[in-house]
1. Tell me yes or no: at least one residue of the range B:184-195 is assigned to a strand (DSSP E or B) and surrounded by fewer than 13 Cβ atoms within 10 Å (Cβ to Cβ).
2. Listed residues A:R126, A:R134; which is open to solvent by 10 Å² or more (accessible area, probe 1.4 Å) and more than 10 Å from chain B (Cβ to nearest Cβ)?
3. Looking at the range B:110-140 only, could you name the residues that are in contact with a Pro (Cβ under 7 Å, 6 or more places away or on another chain) and not aliphatic (A, V, I, L, M)?
4. Do you know which residues across the range A:50-94 are among the aliphatic types (A, V, I, L, M), more than 19 Å from A:T27 (Cα to Cα) and surrounded by fewer than 20 Cβ atoms within 10 Å (Cβ to Cβ)?
5. Within the range A:144-152, does at least one residue satisfy the condition of being within 29 Å of B:T154 (Cβ to Cβ), open to solvent by 10 Å² or more (accessible area, probe 1.4 Å) and more than 11 Å from every other protein chain (Cβ to nearest Cβ)?
6. Could you list, in sequence order, all residues of the range B:153-178 that are open to solvent by 30 Å² or more (accessible area, probe 1.4 Å), within 35 Å of the chain's Cα centre (by Cα) and within 20 Å of A:E107 (Cβ to Cβ)?
7. Out of curiosity, is A:T194 within 9 Å of chain B (Cβ to nearest Cβ), open to solvent by 50 Å² or more (accessible area, probe 1.4 Å) and part of a helix (DSSP H, G or I)?
8. All but one of (1) open to solvent by less than 40 Å² (accessible area, probe 1.4 Å); (2) touching a residue at least 24 places away in the same chain (Cβ under 8 Å) hold for A:L183; state the number of the condition that does not hold.
Amino acid sequence: MKELAFLALVVCLLMVVPTQNTRAETTSIDVEQELQSLGLQSAAEIMSAIETGFLQGRLTPDEMVSLLSNLAAYSGEKEDKEILLLTIARALKDDSLPVTMLIDKVEEGLARKVPLQTIRQMISERASLLAEVRDLLYMNLIFTSSEYGQENCLVLPLPRFDFLVTQIADTLADYQESGRSPLEGYLIYQEMRTRLSMLQQNAIIPAEDVELILERIKPESLTHVLSNVLSQQQQ
Amino acid sequence: MHKDDLEKLLRDTLQQEVSEERHYLDGLEKKIVAELTGRLPRRGWLQTLTRLFAQMQRSHRRQLAVIGITAVIFLFLGIFVSERLPLFRGLFSAYDKQHTTTITANSDGGQLLFVMPAPGAQTVAVVGSFNDWKPTLLTDEDEDGIWLTNLSLTPGRYEYAFVVDGRWWGQDPLADEYVRSFGGYNSVRYVGYTGDNI
């Protein structure tokens, strides 16, 4: 019986070890510490938005710690860093948008050693695009919450809705950044169809979501989205 | 009738009758075995195991218990190691936070090979949306100028570029597509799922 007791003890220890490792993971306290090290005036507003992102499952502490520590180590004006973070925070909390794409672009810009002002401008454009695309889905009766329970409307779970918004906005942003005309609605639509088809072929996105988007969203509405974003940026 | 003729007639008649009735004998053994087996009381696997366990000596029972617990320990160890080693990571947790349903990643665990020909280069790295744009170094062990690394990625769409001695190179011939970004190029690769239950 001694051997059995010893083996039972080993099993218990093995079950405890992973739990202790989990406790060592990054938490919102680490995020707050990184944010404080930047010494920003709007730290409380930014932190509040980040907490909302954690609750919604739209952000993880790891990606925020990575972003904030990279920003802290980056040379540039504190004001630029603050505006950059505020843009992301407001997109997340005030506009309830998915911000993974924005964080990824900031990380890329920092890695490429792009001036903060250029990154700021790009993030601002992409945040506007996310909002416009989200509104476009709403207009086409594609929602993410049951509160919009109209007739003929389709309610998607938040992660699927966020993924669609992100992929469409990213496609439009890539199109815009390639320097092509925002008036070529059919070309923009083709780009979107290609992106969604690739995602579908790789089973990253359900076929029904792709069919839904291609059926409901028309080329002219994509032109409208890009024109709106351009006019917002010019103002 | 002659005696020999009578004998022949009898033999032929018997042979004919035997050959006509032979089909009754075909498979008779199987039928009997099946019927007997059907009459035997059936035991479930649990009952059989319990009976075997009861028949065992006490020392054998203890040995069996030790083997069982050892197997459980190895199972836990397997899961524990698989979650921590990069090579196996994702085998048990192929869940993408962007989806609402669990789906299985490629059987190769989403392994993606990055290859960059850069003869004479000092360092070659890959940066992308899979590593927060932080460099993952490529190696050229046989010093033939072909640098490579194999990364385990969860399914998704990834933008990336190579960094050769500090210079960015965003047009990988193995890429699925290219996009413009910050005035340069990024390569794009899709890592897919197997199956269609998304």
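The values are calculated or read from the model by the stated rules, or taken from the named source; none is laboratory data. Fair warning: this is a prediction, and the values are worked out from it, not measured in the lab. Methodologically, a virtual Cβ is constructed for each residue, glycine included, from the backbone with ideal geometry; neighbour enumeration extends over all protein chains shown. For accessibility, only protein heavy atoms count, side chains too; no ligands or nucleic acids. Shrake-Rupley method; radii C 1.70, N 1.55, O 1.52, S 1.80 Å.
1. Checked the range B:184-195: no residue is assigned to a strand (DSSP E or B) and surrounded by fewer than 13 Cβ atoms within 10 Å (Cβ to Cβ).
2. Step by step, each of A:R126, A:R134 is checked, and only A:R134 is open to solvent by 10 Å² or more (accessible area, probe 1.4 Å) and more than 10 Å from chain B (Cβ to nearest Cβ).
3. Hit for the range B:110-140 is B:G110, nothing else.
4. Hits for the range A:50-94 are A:A73, A:I83, A:L86.
5. Among the residues of the range A:144-152, at least one is within 29 Å of B:T154 (Cβ to Cβ), open to solvent by 10 Å² or more (accessible area, probe 1.4 Å) and more than 11 Å from every other protein chain (Cβ to nearest Cβ), which makes the answer yes.
6. B:T154, B:R157, B:Y178
7. Numbers: within 9 Å of chain B (Cβ to nearest Cβ): yes; open to solvent by 50 Å² or more (accessible area, probe 1.4 Å): yes; part of a helix (DSSP H, G or I): yes.
Judged against the criteria, A:T194 is a match.
8. (1)
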